[in-house]
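Step one of this worksheet: look at the structure below.
The values are calculated or read from the model by the stated rules, or taken from the named source; none is laboratory data. All values reported here derive from a predicted model rather than from experimental measurement. Reconstructed Cβ throughout: ideal geometry from the backbone, glycine too, with neighbour counts over all protein chains shown.
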Amino acid sequence: MDDVMVTYENLALEEDTLVQRIRVCEDCVSVILDYISNKNDSTHILTVEDIVSAIHVIEQDLQTELLHLKLEKGVLANKIKWIKYKDSKENVR
């Protein structure tokens, strides 16, 4: 049970990190878009588009990683419930 709990707690920490990284990507895109809308002189829009697209790809990869992590956490949560249920049945005897 302890190993499963430690693994679950580690996944929760990793989830927090992934969420922070996703927010950084979102913030970077927002900053770039604000920069473009406030820029008076010409900006090479194709370069900006490449940069925003690259950040977007990173964000998508992080979202996919987060999805898999949440799936793994869900499986572990179910396993923890099962172990607790099994332990409670054994303690009743």
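Quick notes on this structure:
- Any chance ASP2 is at pLDDT 95 or above, under 25 Å from the mean Cα position of the chain (by Cα) and loosely packed, with under 12 Cβ neighbours inside 10 Å: no
- Looking at LYS89, LYS84, just one residue is part of a helix (DSSP H, G or I) and surrounded by 11 or more Cβ atoms within 10 Å (Cβ to Cβ), and that residue is LYS84.
- Selection of segment 37-80 for residues being in a helix (DSSP H, G or I), exposed (fewer than 11 other Cβ atoms within 10 Å of the Cβ) and modelled with pLDDT under 95 yields SER37, ASN38, ILE45, LEU46, THR47.
- Residue within segment 25-37 that is over 30 Å from MET1 (Cα atoms) and of a type in the set (S, T, N, Q) present: yes
- GLU15 fulfils the conditions (1) touching a residue at least 60 places away in the same chain (Cβ under 8 Å); (2) touching a Lys or Arg at 6+ places or on another chain (Cβ under 9 Å) except for a single criterion, (1).
- For segment 49-79, residues that are touching a helix residue (DSSP H, G or I) at 6+ places or on another chain (Cβ under 6 Å) and among the hydrophobic types (A, V, I, L, M, F, W, C) total 7.
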